[in-house]
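Enquirer: Structure below; questions to follow.
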Amino acid sequence: MKSSTKVLGIVGSYRRNGYIDGAVDAVLAASESRGAETRKIYLADFDIGFCTNCRECMQEPGASHVDCIVHHDGMKDVLSEVAASDAVVAGAPVNAGNANALTQRFVERCAGFYYWPWGTRGGPELRVKEPSRRAVLISSSTAPGLMNSPVFGMNAVHTLKFFARSIGARVVDVIKIGLITDKEVLLSPRIRRRTIRAADKLFS
């Protein structure tokens, strides 16, 4: 990727200035130091309705994605930001063993990136097969970072990977922040080093 890259930060956490927010900021700052243009959005700032599973957005072939015909809400604005980006840095905390509800609702609304007409045998197919952008994913939990995995019953990173795959992004790094027990946010030196390496991978 070139230094003129546009990097979009997506904060799925409810908490501003929390661990997810801080880690996304750190990757964006490291990206800026490499000449990238960055922008950050909070999913909580957008009105994003629940997917109704009508699958109308999945019926017609073509295009990179099809907008929802049920909801005319903030999701279209978020996807416009994604479309204008060369890379994304997306973060979400673990809530009840998965990504928090705000992030899951957003990811469900990415259904329009798939083609799956009624009567088709098998599952949905991505409209765009080859990744056109890169992604760094960030997740936090009260458990040790190593346990933020489906092996231990936590699916937040899996949900974020599904999102990245949906928008045609290749995941180049995953940052897991564990043992979140204090209200005060202080990214450890190790995590800060990880954010710098993650930015390096966006541009390598």
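Enquirer: Go through the range 43-61 residue by residue and tally those that are more than 30 Å from R15 (Cα to Cα) and of a type in the set (A, V, I, L, M, F, W, C).
Expert: Here the count works out to 3.
Enquirer: To continue, here is another question. Only residues that are of a type in the set (G, A, S), farther than 23 Å from K129 by Cα and in contact with a Lys or Arg (Cβ under 8 Å, 6 or more places away or on another chain): list them for the range 45-80, please.
Expert: G49
Enquirer: Hey, another quick one. Mind checking whether some residue in the range 161-174 is closer than 23 Å to R192 by Cβ and in contact with a Gly (Cβ under 9 Å, 6 or more places away or on another chain)?
Expert: No, because not a single residue in the range 161-174 is closer than 23 Å to R192 by Cβ and in contact with a Gly (Cβ under 9 Å, 6 or more places away or on another chain).
Enquirer: Which number in (1) out of contact with any helix residue (DSSP H, G or I) (no Cβ under 9 Å at 6 or more places or on another chain); (2) closer than 19 Å to G9 by Cα; (3) at pLDDT below 95 marks the one condition that L187 misses?
Expert: If we test L187 against (1) out of contact with any helix residue (DSSP H, G or I) (no Cβ under 9 Å at 6 or more places or on another chain); (2) closer than 19 Å to G9 by Cα; (3) at pLDDT below 95, just (1) comes out false.
Enquirer: Among the residues of the range 15-68, count how many are within 18 Å of the chain's Cα centre (by Cα), at pLDDT 95 or above and under 17 Å from C110 (Cβ atoms).
Expert: Total meeting the criteria: 8.
Enquirer: Looking at the range 1-117, what helices (runs of 4 or more DSSP H) fall wholly within it and have at least 1 residues that are in contact (Cβ under 8 Å) with a residue 40 or more places away in the chain, hydroxyl-bearing (S, T, Y) and buried (at least 21 other Cβ atoms within 10 Å of the Cβ)?
Expert: Numbers: elements: 19-32, 75-83, 101-108.
Those helices (runs of 4 or more DSSP H) span 19-32, 101-108.
Enquirer: Continuing with this model, one more query. Search the range 161-182 for residues that are modelled with pLDDT of 95 or more and assigned to a loop (DSSP other than H, G, I, E, B) and pair each with any residue that is buried (at least 19 other Cβ atoms within 10 Å of the Cβ) and of a type in the set (A, V, I, L, M, F, W, C) when their beta-carbon atoms are under 6 Å apart and the residues are at least 6 apart or on different chains.
Expert: Pairs that qualify, where the first residue is modelled with pLDDT of 95 or more and assigned to a loop (DSSP other than H, G, I, E, B) and the partner is buried (at least 19 other Cβ atoms within 10 Å of the Cβ) and of a type in the set (A, V, I, L, M, F, W, C), are I167/V82.
Enquirer: Return yes when D45 is under 20 Å from I20 (Cα atoms), among the acidic types (D, E) and out of contact with any Leu (no Cβ under 7 Å at 6 or more places or on another chain) and no when it is not.
Expert: yes
Enquirer: Sticking with this one: Among the residues of the range 118-137, which ones are in contact (Cβ under 8 Å) with a residue 40 or more places away in the chain and touching a Lys or Arg at 6+ places or on another chain (Cβ under 8 Å)? Explain how you work it out, then say what you get.
Expert: At the first step, the residues of the range 118-137 found to be in contact (Cβ under 8 Å) with a residue 40 or more places away in the chain are 118, 124, 126-128, 133-137.
Once the filter is applied, which keeps residues that are in contact (Cβ under 8 Å) with a residue 40 or more places away in the chain and touching a Lys or Arg at 6+ places or on another chain (Cβ under 8 Å), the range 118-137 yields W118, L126, R133, R134, A135, V136, L137.
Enquirer: Now for a separate question. Mind listing whichever residues of the range 89-138 are over 30 Å from A199 (Cβ atoms) and of a type in the set (D, E, K, R)?
Expert: R121, E125
The values are calculated or read from the model by the stated rules, or taken from the named source; none is laboratory data. All figures in this text were calculated on a predicted structure; none of them were measured in a lab. Please note: Cβ atoms are built from the backbone with ideal geometry, for glycine as well, and neighbour counts cover all protein chains shown.
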